[in-house]
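First up is the structure itself, then whatever we jot down about it.
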Amino acid sequence: MYFNVYSDTGSEIHGYLIPDGFSTSPRIVVRLQNEVLGPFACDVFLEGPYQHKHHATGIVGFVLTSEAVPGIHGALNIEIADADSGFVFYRRFDPDHHIEKRFFRLETQFAPHRELDRSLKPHFQFFADGVEQLGSETVRQTLEVANQPSTYVSGRVMYRSVQQYLTQETISITSIRDPFYELAIRLWTVASFKRRGFSFVSDRDSILFEPAMTYFSPTDFSNENAIRRMIRDAPKDILALFESPFVHQLVASSPTDKVGRDGVSTALDTLSQFTVFIPNETDDSLAVDLAELLAIDRSSVVFSPMRSPFLELSDVLRSVKTLEQVLENDLILFHFVKRAEERAQRSGS
């Protein structure tokens, strides 16, 4: 999906929406003062999308006026969305509420901090979280969105696939935490998925982890010996699905790439380039830093800390020696990151 609003005079809005389907006729809806108007067909021919073969007909543009949208003139509470998916791609800038900066948060947790992202949504003109659920073209477009100076994008994407689209003005944010704790969440989520389902698990991940979902689904997580036995007896190709996800996400180009030991140094270099990096996510430091960076009240930033059941499960996993090899790169990365954090704390004291 490609989208843009290239002119908003206050009384008219001009833009386009190019859907994922090559021959799909795009439609938009408009929300104004909590009222939903439309859907409106995109009925303006644009030469560029047609010539570049982004759309079969090139009829992807739209013009919104007070005739179709009464009250459009001067209204601040207005947004435009794709009628089919509900994806909001434009909000009118509100100087009293929107922060005029570009933010990108690289989500590294399998169970994402959606509560954090969505508590920040009111502060941004353009907002997109969980972008790993979107197609690669749409992810790129969210990072390159034009004519909207206030943007916030987050997602558990492969960093190399988006790095080139981050501008010098983009404030980049990420965090990592104890690899065994992250493994505990991934393992429990994968084992429970066929029974419960989780909206944050993308279609790509459900396909990638399907063998592990089938294998681990009978696991009794109340029985430590049963957990250890299931892991010890697991086929190598299933355990390989859990190999060092932090390093893999930072340095690999695709979910199926293999990453060697040299990936750790590349990952460390990558982390050093982030504007905000929380090296050991054990408390609400990420929320505190973001509130300070945005100059907003900390109490308005919602954040879920580590949870007891997964802390206990991570201790069980820590006792399974096989997993030290599975998480080898992440454990080395985490070791160096913690050492750097300790040095920084000593020098600052």
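The values are calculated or read from the model by the stated rules, or taken from the named source; none is laboratory data. As the structure is a computational prediction, the values presented were derived from the model and not from experiment. In this analysis, Cβ positions are derived from the backbone assuming ideal geometry, glycine residues included, and neighbour counts consider all displayed protein chains. We work out accessible area using only protein heavy atoms, side chains counted, and drop any ligands, DNA or RNA first. Shrake-Rupley method; radii C 1.70, N 1.55, O 1.52, S 1.80 Å.
Leaving out ligands and nucleic acids, note down the accessible area per residue over the chain with a 1.4 angstrom probe, in whole Å².
Each residue of the chain exposes 48 Å² on average to a 1.4 Å probe.
For Glu169, Glu224, give the ranking by accessible area with the largest first, probe 1.4 Å.
Output order, biggest surface exposure first: Glu169, Glu224.
Which of Lys258/Lys321; Lys53/Lys121; Lys194/Lys236; Lys121/Lys338; Lys194/Lys338 have a Cα-Cα distance over 25 Å?
From the list (Lys258/Lys321; Lys53/Lys121; Lys194/Lys236; Lys121/Lys338; Lys194/Lys338), the Cα-Cα distance tops 25 Å for Lys53/Lys121; Lys121/Lys338; Lys194/Lys338.
Go ahead and estimate [θ] at 222 nm for the chain from helices alone: -39,500 (n - 2.57) per DSSP H run with n ≥ 4, summed, over the residue count, rounded to 500.
-10500 deg cm²/dmol
With all protein chains present, calculate the accessible area of Arg196 using a 1.4 Å probe and round the result to the nearest 10 Å².
So the heavy atoms of Arg196 present about 150 Å² to solvent.
Which FRET efficiency, nearest 0.05, do Arg228 and Arg114 yield, Cβ-Cβ r, R0 45 Å?
The calculated FRET efficiency here is 0.90.
For the pair Lys321/Ile207, report the inter-label distance in nm, with labels modelled 7 Å from Cα in the Cβ direction.
3.9
Rounded to the nearest 0.05, what FRET efficiency do Asp220 and Ser199 give with R0 = 22 Å and r taken as the Cβ-Cβ distance? Could you check?
The calculated FRET efficiency here is 0.30.
In degrees between 0 and 90, to the nearest 10, how far off the longest principal axis of the chain does helix 328-348 point, with axes built from Cα atoms?
Roughly 80 degrees, rounded to the nearest 10.
Which order do the peptides 216-223, 182-189 come out in when sorted by mean C-beta neighbours inside 10 angstrom, highest first?
182-189, 216-223
Given a cut-off of under 8 Å on Cα pairs at least six residues apart, what relative contact order in percent is computed for the chain?
Value for the chain: 15 percent.
Add +1 for every Lys or Arg and -1 for every Asp or Glu among the other residues with Cβ under 14 Å from the Cβ of Pro49, and state the total.
That sum, taken over residues with Cβ under 14 Å, equals -3.
Could you work out how far helix 285-294 tilts from the main Cα principal axis of the chain, as a 0 to 90 degree angle to the nearest 10?
Tilt relative to the chain: about 30 degrees.
Please get the size of the charge dipole for the chain, origin at its Cα centre, with Cβ charges of +1 on Lys and Arg and -1 on Asp and Glu, quoted in debye to the nearest 20.
840
Among DSSP beta bridges whose residues both lie in the chain, state the antiparallel percentage, nearest 5.
Percent antiparallel among DSSP bridges in the chain is about 60.
Which whole-angstrom value gives the distance between the alpha carbon centres of the range 41-57 and the range 282-349?
Computed from Cα coordinates, the inter-centre distance equals 47 Å.
Using Cα springs under 10 Å in a Gaussian network model of the chain, which residue among Gly48, Gly58, Gly130 shows the largest mean-square fluctuation?
Ranking Gly48, Gly58, Gly130 by mean-square fluctuation puts Gly48 first.
Note down the nm distance, to one decimal, between modelled labels 7 Å out along Cα→Cβ at Ser253 and at Ala295.
4.2
For a quick protection proxy, order the peptides 133-144, 150-161 by their average other-Cβ count within 10 Å, most packed first.
Highest to lowest by the protection proxy: 150-161, 133-144.
Given Cβ point charges of +1 (Lys, Arg) and -1 (Asp, Glu) and nothing else, what value in debye, to the nearest 20, does the dipole of the range 124-265 about its Cα centre take?
With Lys and Arg at +1 and Asp and Glu at -1, about 380 debye.
Suppose R0 equals 45 Å; then what is the FRET efficiency for Asp283 and Tyr6 from their Cβ-Cβ distance, rounded to the nearest 0.05?
0.55
Mind checking the angle between helix 308-318 and the chain's longest principal axis? C-alpha axes, 0 to 90 degrees, to the nearest 10.
With both axes taken from Cα atoms, the answer is about 50 degrees.
How many percent of the accessible area of the chain is carbon or sulfur, using a 1.4 Å probe?
It is 49 percent, rounded to a whole number.
In a Gaussian network model over the chain where Cα atoms closer than 10 Å are linked, find which of Asp84, Asp117, Asp330 has the largest mean-square fluctuation.
Asp84
Between His73 and Thr24, with labels modelled 7 Å along Cα→Cβ, what's the label distance in nm to one decimal, could you check?
For the pair His73/Thr24, the computed spacing is 3.5 nm.
Note down the magnitude of the dipole of the range 68-172 about its Cα centre, charges +1 on Lys and Arg C-beta and -1 on Asp and Glu C-beta and zero elsewhere, to the nearest 20 debye.
That gives a dipole near 200 debye.
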